[in-house]
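One structure below.
The values are calculated or read from the model by the stated rules, or taken from the named source; none is laboratory data. Since this is a predicted model, take the numbers as computed values, not measurements. All Cβ positions, glycine included, derive from the backbone under ideal geometry; neighbour counts span all protein chains shown. Each accessible area value is taken on the protein alone, full model and side chains, heavy atoms only, with ligands, DNA and RNA left out. Shrake-Rupley method; radii C 1.70, N 1.55, O 1.52, S 1.80 Å.
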Amino acid sequence: MATITQAFVLGAGLGTRLRPLTDDLPKPLVPIFQKPLITFALDHLIDIGIESFMINTHRLPEQFANAFANQTYRDRPVRLVHEPELLGTGGGIKNIEPYLKSALFIAYSGDVLTDIDLQPLIDEHFRCGNDVTLALRDTGLAAAVAFRNGRVVDISNRYGMAGNHDFANIAVWNPGIFERIPPDRRISFIPIIADWIGAGGKIGGVVLNDGKWFNIGSRTEYLEVHLMISEEHWKPHYLKTSAWPERVAASAIVDRTAQLRGCTVVGRDCRVGAEAILEDTILWPGAQIASKSHLRGCIVRANQKVNGIHRDIDI
């Protein structure tokens, strides 16, 4: 079986659409039932044989350093590559060239949550001898990729061919990509691929519509993902621990008279006071809810203190 051993996980996005939740926590680190979002990508990649990771950072790099304090994840090395100035998806790839050198790699967006089967993507890349192979999907969000007979023939309508699939934010890249990206420049990978198509590059794709796929871009989507996991008892196949999903962290203290209703999640070191009522509310680590408070549809950020009645807000 063809394998790839290194991965580039994109963590440098601004998370603008998820603000204010991302004001003091990068989007890839937001918790999903206590588990940082980006670690789902790492677990997924480990499941297909990835042995080392590079993660680019921009905003709040110290948060990533804390999350991977030993520069490892599940005993695999993690190298954090900081971008003082945001370089975009293409520039980010160019920036990791010194660490990847001449080997192919898989790139995976650190803010995507999915359980799609990645092995067909890798198999197709090797079978066809592609320069790049994109994971494609019918997401309902966009259709920027024109995919015909196993080939990506246009992207973002560069050559006037209508798109019929969306890019699923996962791709296999040959090291030839590095010579096609200018150094020290902010640039998306999209014009790079478009140019490569025009130059006769072998740009392939695999449509992976099975399984779940979420790009969590708003507080509504963030809450909906928790609700889906709760209602459907969803757990990605690559997640081997029995401890997830964890509704109430072991270190949280919840008064015996408090009520946790619906899809409520209580993070580590949280405190919920007497007779408090939480409905469909998510508490990030260290949040403190005063006695007799009533929260519905709220997200309480880390270490915040809350009292009173609140509905459908971020605190």
Residues of region 11-53 being part of a strand (DSSP E or B) and either surrounded by 23 or more Cβ atoms within 10 Å (Cβ to Cβ) or more than 15 Å from the chain's Cα centre (by Cα) (or both), in sequence order, are Ser52, Phe53
Six or more apart or on different chains, Cβ under 8 Å: which pairs go from a residue in region 140-151 that's more than 11 Å from Phe167 (Cα to Cα) and modelled with pLDDT of 90 or more to one that's basic (Lys, Arg) and open to solvent by 40 Å² or more (accessible area, probe 1.4 Å)? Could you list them?
Arg151/Lys202
Members of region 96-113 found to be assigned to a loop (DSSP other than H, G, I, E, B) and under 25 Å from Val30 (Cα atoms), listed by number:
Ile96, Gly110, Asp111
Mind listing whichever residues of region 243-268 are within 27 Å of the chain's Cα centre (by Cα), open to solvent by 60 Å² or more (accessible area, probe 1.4 Å) and over 25 Å from Glu221 (Cα atoms)?
Ala250
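For (1) out of contact with any Phe, Trp or Tyr (no Cβ under 8 Å at 6 or more places or on another chain); (2) modelled with pLDDT of 90 or more, each residue gets a yes or a no:
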| residue | (1), (2) |
| --- | --- |
| Asp154 | yes, yes |
| Asn157 | yes, no |
| Asn169 | no, yes |
| Trp173 | no, yes |
| Ile187 | yes, yes |
| Ile193 | yes, yes |
Those residues of region 79-102 that are touching a Ser or Thr at 6+ places or on another chain (Cβ under 6 Å) and either open to solvent by less than 60 Å² (accessible area, probe 1.4 Å) or of a type in the set (S, T, N, Q) (or both) come to a total of 3
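Residues checked against (1) open to solvent by less than 40 Å² (accessible area, probe 1.4 Å); (2) in contact with a Gly (Cβ under 9 Å, 6 or more places away or on another chain):
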| site | (1), (2) |
| --- | --- |
| Arg137 | yes, no |
| Gly140 | no, no |
| Ile155 | yes, yes |
| Met161 | no, no |
| Ile181 | yes, yes |
| Ala199 | no, no |
| Ile203 | yes, no |
| Leu208 | yes, no |
Looking at region 97-120 only, could you name the residues that are closer than 15 Å to Thr5 by Cβ, in contact with a Leu (Cβ under 9 Å, 6 or more places away or on another chain) and aliphatic (A, V, I, L, M)?
Ile106, Ala107, Leu118
When every residue in region 1-10 that is in a loop (DSSP other than H, G, I, E, B) and open to solvent by 10 Å² or more (accessible area, probe 1.4 Å) is compared, the one nearest to Ser251 (Cα to Cα) is Thr5
